[in-house]
Ligand SMILES: NC(=O)c1ccc[n+]([C@@H]2O[C@H](COP(=O)([O-])OP(=O)(O)OC[C@H]3O[C@@H](n4cnc5c(N)ncnc54)[C@H](O)[C@@H]3O)[C@@H](O)[C@H]2O)c1
């Protein structure tokens, strides 16, 4: 039986459009676009209204000219898949399809849809026929085949290639196509251009497609909007004309007076900039993994070491890695780079050493948390198998609700394999799709569940929103994410709410020495990533 509706995260069912709806939808779009053109507004279609596209669409729709008048009319285009269709009716109600901690997101989308009427969403590709500019924000994934070996993975650019096809089939020849998707270096010139050129030829269009590339540096957190609008951008075009057009467009929609554009000569340079930028970040985080183990085994508190080093301005971006490096970008972008070197650019030798190693280290760092939890429980005379373990934090970083590739996922999968009973608390996350829908999310056969044993029961995972309830009778507590709610937990209160002493595992340098001492005094066992000095504190307490 085919499913004919798409369900929003809030549980509302939206029937998918029927074949007869498409022509009506296009007629209504044509009429609206005609009216918008009469107001001198440029028509911008944003393809893919996910984490990036939804907010980018709103920023463009919010653009005003020098007289303060809206200068763009934006149509967010989203394929009507069962998983994603709901985003269209939600957007058309003025409701953001992405949950954001940034207070600017919701009012901006509502204002553009309802008040300024410069933003609308649709499911029909026909809308591309009406575009002056198309901004491509669909995903380009990197699928890993093994845990801790990025080299055996591969780029999945099916959605991007399909989008480029359909764009070329529909757009006016002089529409600017701006690829914002993070792509494997070489994609704009060696994948997108040939796809589009071939279709243009079929359509009898002699000119080159006006292709440009400019990558997103968005951080979907408290500064979501500003991280797109009020931030530096790098861009490029496949020829002079495309370059001029993309510069003009970005200068109009972003705050480039304060955050000037960097224009590169060729798209492979801006594509490479994105990949190097994120590989660099992944590498400096991975680098501390070995020092974290060194610290644990030699009585050193890596948190204090980092603090001491950070004082030096040249080293101020040294950062503690926590139980893994998540977010959508850092775990995959380096992989896109090595994959492109072989599969797009045609080289066979293995020049990449540091980038894949960094990703592999980051992807497996969470496993060590399983060992720390096992050891802490053992020291309390208890086995990990059957132990009630509470994970505090599901998101990939502090104070956001995004769980994509979060370190906590690997921690939980490992602990489950070892027989622990898992419960989770996160004030920002309601559903953890990586577990609840692990048969199909992030894609069929792509869940990290396949790298571990006994993962079936994790489909039942429920995120507890009430911390007191979550704590009750837990035998081990893992501080996995430094959310605000966890920074000032009082040991007395925690142990009281648990109802007994427990194993406390600090993955992010959250606990002060005073708190660690107090937990020991209360009969708890404490361990932490990179926190070798804990043993010293324990010995001191024993001697007291
Ligand atoms: N999320 C981030 O923090 C972030 C940061 C910087 C860069 N990026 C990059 O931006 C790009 C988009 O990421 P995202 O987080 O928004 O992904 P996402 O999965 O949230 O959104 C992609 C959207 O595109 C839609 N889509 C796919 N194929 C389509 C098609 N043929 N036609 C129309 N719509 C289609 C999907 O249904 C989905 O809604 C990626 O390349 C990512 O690497 C993301």
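Summary table below
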item	result
Rounded FRET efficiency, nearest 0.05, which uses the C-beta distance separating residue 64 from residue 388 and R0 of 60 Å	0.60
Zone of residue 92's modelled label, taken as backbone nitrogen in region 118-138 under 19 Å from a point 7 Å along Cα→Cβ	118-131
Within region 450-467: backbone nitrogen closer than 12 Å to the residue 441 label point (7 Å, Cα to C-beta)	459-463
Ellipsoid semi-axes in whole angstrom, largest first, where each is sqrt(5λ) of the Cα gyration tensor of region 77-202	28, 23, 12
Residue 459-residue 4 pseudo-label distance in nm [points 7 Å out on the Cα-to-Cβ vector]	2.6
Part-to-part distance (alpha-carbon centres) for region 82-155 and region 385-442, which is given in Å	25
Region 159-253, Rg to Rh (Cα coordinates; Rh as Kirkwood inverse mean 1/r)	1.00
Relative contact order (%) - region 24-106, alpha-carbon pairs under 8 angstrom, separation at least six	26
Ellipsoid equivalent to region 325-478 - semi-axes via the Cα gyration tensor, in Å	31, 17, 14
Overall dimensions of region 1-104 by Cα: Rg and Dmax, Å	15.2, 54
Values of log10 I(q)/I(0), in the order q = 0.14, 0.20 Å⁻¹, for region 50-121 under a Debye, Cα-only, solvent-free model	-0.38, -0.75
Region 175-229 - Debye-derived log10 I(q)/I(0), Cα point model, q = 0.20, 0.23 Å⁻¹	-0.75, -0.87
Two-decimal Rg/Rh across the chain, once Rg and the Kirkwood Rh are taken from alpha-carbon atoms	1.00
Potential extension, residue 399-residue 39 segment - 0.36 nm per residue separation minus Cα distance	125.5 nm
Calculated SAXS-style log₁₀ I(q)/I(0) at q = 0.13, 0.14 Å⁻¹ - region 146-205, Debye, Cα scatterers	-0.41, -0.46
C-alpha center-to-center spacing [region 230-296, region 488-544] in angstrom	41
Centroid-to-centroid separation of region 168-211 and region 2-28 [C-alpha atoms, Å]	29
For peptides 233-243, 146-156, sequence by mean Cβ density within 10 Å, most packed first	233-243, 146-156
Taking the C-alpha atoms of region 235-317, convex hull volume expressed per residue in Å³	116
The chain: angle of helix 158-170 to the longest principal axis, Cα-based, in degrees nearest 10	20
Ellipsoid equivalent to region 390-464 - semi-axes via the Cα gyration tensor, in Å	18, 14, 10
Reference-scaled alpha-carbon Rg (2.2 N^0.38 Å with N residues) for region 125-284	1.07
Efficiency of FRET between residue 314 and residue 20 - r from beta-carbon atoms, R0 56 angstrom, step 0.05	0.30
In degrees, nearest ten, helix 333-343 long axis to first principal axis of the chain (Cα)	60
Tail beyond 11 Å, pair distance distribution of region 99-140 (Cα, percent)	75
Descending Cα extents along the principal axes, region 453-544, whole Å	45, 28, 24
Förster radius 41 Å - calculated FRET efficiency between residue 156 and residue 484 (Cβ-Cβ, nearest 0.05)	0.70
Length-normalised contact order of the chain in % [C-alpha pairs under 8 Å, at least 6 apart]	11
Over the chain: helical MRE at 222 nm, DSSP H runs n ≥ 4 each giving -39500 (n - 2.57), nearest 500	-11500 deg cm²/dmol
Projected area averaged over orientations for region 276-337, convex hull of C-alpha atoms, nm²	4.7
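Read-outs throughout are calculated quantities, based only on the coordinates presented, and are distinct from any laboratory measurement. The structure displayed is predicted, hence computed values, not measured ones. Every residue, glycine among them, receives a Cβ derived from its backbone with ideal geometry; neighbour counts consider all protein chains shown.
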